[in-house]
Amino acid sequence: MAEVVSPIDAQVLASVAPTSPAQVDAAVRAARAAQPAWARRTGSDRARVLHRIADLIEAQIDDLAATETRNTGKILSDTRREVRRAAGSFRYYAGWAEQVRGETIPVGPEYHTYTVPEPHGVVAGVIPWNVPFFFAAKKIAPALAFGNACLLKPAEETPLTALALGDLLVEAGIPEGLAQVLPGGRETGAALVSHPDVDLIVFTGHHDTGKAIARAAADNLTPIALELGGKSPQVIFPDADLDRAVEAVVLGVFASCGQMCIAGSRLVLHESIYDEVLDRVAARVRTLRVGDPFDAQTDLGPQITAAQRDKTAAFIAETRSAGRMVAQAALPEDERLRNGFFVPPTVFDRLDEGARVLREEVFGPVLAVSSFRDDAEALRLADDTQFGLAAGVWTADIARAHRFAGQVRAGTVWINTYRVLSDLVPFGGIGLSGYGRENGTEAARLYLRPKSVWTSLASGIPQGYGMGGAGAAG
Ligand code: NAD
């Protein structure tokens with residue numbers, strides 16, 4: 001049994017039995033057995049079931065958000081928004097279920113050629129602990145909409161709302177075995193992603209885990225999409241709206257106690273505004289309230305585990321001796337929280353370019369600040385990372401903004417905003433941030449694969465040569 005602990009006060013919330021490799025095998029078999037009939041249903045029929053799931057989620061937003069806050073330590077307004085967005089994802093992909101279509105390809109007068117998009121079969125979704133309910137929905141909803149089965153493994157630390165979602169799937173009428181939540185840790189995940197009967201793996205998590213999963217997938221040649229971490233820059237030019245930029249920088253790295261893949265953890269400031277913006281960021285950070293995530297006045301709660309808190313604290317201690325600590329927020333004084341896994345939001349500057357905090361993902365509330373002289377240096381600093389998940393650029397000069405967006409190495413670029421995401425807009429990374437894209441039309445590409453069908457229209461013996469671009473091969 002694995003204990004599920006609240007990071008707010010270290011209380012044990014539940015004990016959850018991990019799914020054994022034998023149970024994973026049984027789950028894959030059941031999913032495989034259930035999937036063909038689900039894929040044969042009409043899109044509108046699948047859509048109806050997905051809307052029912054969304055209805056059930058919406059009826060329980062408060063309960064689900066409270067459980068999520070208790071389990072993750074994230075503030076209630078964030079978890080409410082995430083649960084609402086999860087319901088929205090089921091509705092969004094319900095729309096897609098009715099929009100699947102292939103194409104006819106006029107290769108020449110002697111052939112009628114078309115494609116049929118088909119589901120892969122059994123999808124394995126593996127997710128991290130930072131956005132448990134929404135990420136569970138983000139994997140399950142498109143998998144089901146496009147006719148797949150889905151086996152979802154939540155993180156060992158935060159299985160509670162994913163398990164609740166599993167119950168809602170059953171209540172909504174999802175056929176037995178088609179979509180299952182398999183709690184457990186690394187062993188359960190490894191058994192799932194190395195299973196030869198899994199047809200697609202969609203993973204969100206750390207890049208080292210991503211590499212291990214890619215290796216396991218290679219043995220079966222299972223297709224895979226990896227949404228991994230980041231070390232994303234926010235670049236501010238002198239002509240930017242500094243009020244908006246400062247607030248977006250602070251929330252962009254310190255929300256969720258820094259536990260966001262898209263955290264804008266590097267701030268790159270033009271030298272002419274360096275002191276002013278740094279002072280404003282520092283002043284704002286000192287006002288941040290770290291504390292009980294159920295309190296509406298709280299800006300950020302604890303880190304997820306004692307180990308994550310210790311890792312972040314070690315980063316802060318190490319960086320204090322490698323640079324200048326510009327600002328730090330206060331820790332909560334509330335006695336009830338004394339066992340919680342809290343760390344103070346902290347800002348550093350004057351770091352060597354090789355400093356670990358500029359290169360490695362902290363996944364905690366730590367911001368590293370540096371300066372640039374011109375556009376070329378801004379781009380060089382923004383790209384000075386092996387990650388490539390996201391970047392923010394702040395300027396009133398629209399040409400400069402789009403030049404930067406075109407050149408920076410990142411899967412998502414935000415201009416004069418940060419941290420906005422939508423089911424409609426593709427999302428994914430470059431380099432250590434992973435490969436593959438989720439959301440929107442990219443989800444259709446990910447969760448479906450086209451089958452090509454050739455029909456001969458010729459009356460004689462088909463030759464296959466020299467017909468308007470079509471020719472024999474292979
Ligand atoms: P993690 O990689 O340690 O764990 C993620 C999941 O993988 C968990 O469910 C875990 O049990 C499972 N797992 C671990 N080893 C496995 C293995 N060998 N085979 C199969 N599954 C295995 O990540 P974490 O610490 O839970 O989450 C933090 C990381 O996730 C950060 O790096 C963060 O940037 C990243 N993340 C990325 C995105 C994105 O969309 N790009 C979003 C959120 C978080």
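Name the residues whose placed amide hydrogens come within less than 5 Å of the amide hydrogen of A155, ignoring near sequence neighbours (fewer than 5 apart) on the same chain.
It is I127, by chain and number.
Counting DSSP beta bridges in the chain, what percent are antiparallel, to the nearest 5? Walk me through the numbers before you get to the answer.
Values: 22 of 58 bridges.
If we restrict to bridges inside the chain, about 40 percent are antiparallel.
If Lys and Arg each add +1 and Asp and Glu each add -1, what is the summed charge of the other residues whose beta carbon sits under 14 Å from the beta carbon of Y435?
Working: positive: K211, R409, R437, R445; negative: E227, E438, E442.
So the environment of Y435 carries a net charge of +1.
Select from I105, P365, T42 the residue farthest towards the positive end of the dipole of the chain; place +1 on Cβ of Lys and Arg, -1 on Cβ of Asp and Glu, and compute about the Cα centre.
The one lying farthest along the dipole's positive direction is I105.
Among all the lysines, which ones have a C-alpha under 20 Å from K311's C-alpha, if same-chain residues fewer than 8 places away are not counted?
K74, K231
Name the residue from A306, A458, F342 whose Cα lies farthest towards the positive end of the charge dipole of the chain, charges +1 on Cβ of Lys and Arg and -1 on Cβ of Asp and Glu.
Of the candidates, A458 comes out farthest on the positive side.
How much of E377 can a 1.4 Å solvent probe reach, expressed as accessible area in Å² and rounded to 10?
30 Å²
Check cross-link reach from K153 to the aspartates and glutamates: straight Cα distance under 19 Å, and skip same-chain residues fewer than eight apart.
Output for K153: E3, D25, E68, E82, D167, E176, E187, D197, D199, D208, E227, E438.
Relative to the present Cα-Cα distance, how much length would full extension add between D45 and K211 at 0.36 nm per residue of separation?
Working: separation 166, 0.36 × 166 = 59.76 nm, distance 3.75 nm.
Gain on extension, D45 to K211, equals 56.0 nm.
What nm distance separates the two modelled labels at Q297 and D352, each placed 7 Å from Cα along Cα→Cβ?
4.3 nm
Please compute the net charge surrounding I316, taking Lys and Arg as +1 and Asp and Glu as -1 over other residues with Cβ under 12 Å from its Cβ.
Numbers: positive: R309, K311, R320, R356; negative: D310, E318.
It works out to a net charge of +2.
Ordered by packing density, taken as the mean number of other Cβ atoms within 10 Å over each peptide's residues, highest first, how do 185-196, 277-288 rank?
Working: 185-196: 19.6, 277-288: 17.8.
Packing proxy ranking, top to bottom: 185-196, 277-288.
Please get the size of the charge dipole for the chain, origin at its Cα centre, with Cβ charges of +1 on Lys and Arg and -1 on Asp and Glu, quoted in debye to the nearest 20.
On the way: 47 positive and 56 negative charges, 166 e Å.
The calculation lands at about 800 debye.
Per the helix-only calculation at 222 nm, which mean residue ellipticity applies to the chain, given -39500 (n - 2.57) for every DSSP H run of n ≥ 4 and division by its residues, nearest 500 deg cm²/dmol?
The per-residue figure over the chain is -12500 deg cm²/dmol.
Can you tell me the Rg and the Dmax, both Å, for the Cα atoms in the chain?
Just the Cα atoms of the chain yield Rg and Dmax of 24.1, 87 Å.
How far is it, in nm, from the label point at S77 to the one at N220 when both lie 7 Å from their Cα along the line to the Cβ?
That separation, rounded to one decimal, is 4.4 nm.
Relative to the longest principal Cα axis of the chain, at what angle does helix 207-220 sit, 0 to 90 degrees, rounded to 10?
In the chain, helix 207-220 runs at an angle near 20 degrees to the longest axis.
For region 387-439, take the alpha-carbon Rg, divide it by the Kirkwood Rh, and send me Rg/Rh. Walk me through the numbers before you get to the answer.
Values: Rg = 11.3 Å, Rh = 11.5 Å.
Radius of gyration relative to Kirkwood radius: 0.98.
To the nearest 0.05, how large is the calculated FRET efficiency for V420 and S321 if R₀ is 35 Å and r is the Cβ-Cβ distance?
So, using R0 = 35 Å, E works out to roughly 0.45.
For the ranges 317-327, 362-372, what's the packing order if you count other beta-carbon atoms within 10 Å of each residue, average per peptide, and put the highest first? Don't jump to the answer; show the numbers that get you there.
Details: 317-327: 14.7, 362-372: 24.4.
Per-residue mean Cβ counts within 10 Å order the peptides as 362-372, 317-327.
Which value in Å is the Kirkwood Rh of region 316-401 over different Cα pairs?
Values: mean 1/r = 0.0655 Å⁻¹.
The Cα-based Kirkwood calculation yields 15.3 Å.
Averaged across orientations, what area in nm² does the convex hull of the alpha carbons in region 74-137 project? It would help to have the intermediate numbers written out before the result.
On the way: hull surface 25.6 nm².
Mean projected area for region 74-137: 6.4 nm², to one decimal.
If you place +1 on the Cβ of every Lys and Arg and -1 on the Cβ of every Asp and Glu, how big does the dipole about the Cα centre of region 318-362 come out, in debye to the nearest 20?
80 debye
Counting pairs of Cα atoms in region 248-366, how many percent are more than 18 Å apart?
Distances greater than 18 Å cover 50 percent of the Cα pairs.
Net charge near W129, counting Lys/Arg +1 and Asp/Glu -1 over other residues with Cβ under 9 Å of its Cβ? Walk me through the intermediate numbers first.
Numbers: positive: none; negative: E156, E157.
After counting each charged neighbour, the total is -2.
The values are calculated or read from the model by the stated rules, or taken from the named source; none is laboratory data. If you're wondering where the values come from, they're calculated on a predicted model, not measured in any experiment. Here the Cβ is made from the backbone with ideal geometry for all residues, glycine too, and neighbour counts use every protein chain on show. Keep in mind that these areas ignore ligands, DNA and RNA; they rest on the heavy atoms of the full protein, side chains included. Shrake-Rupley method; radii C 1.70, N 1.55, O 1.52, S 1.80 Å.
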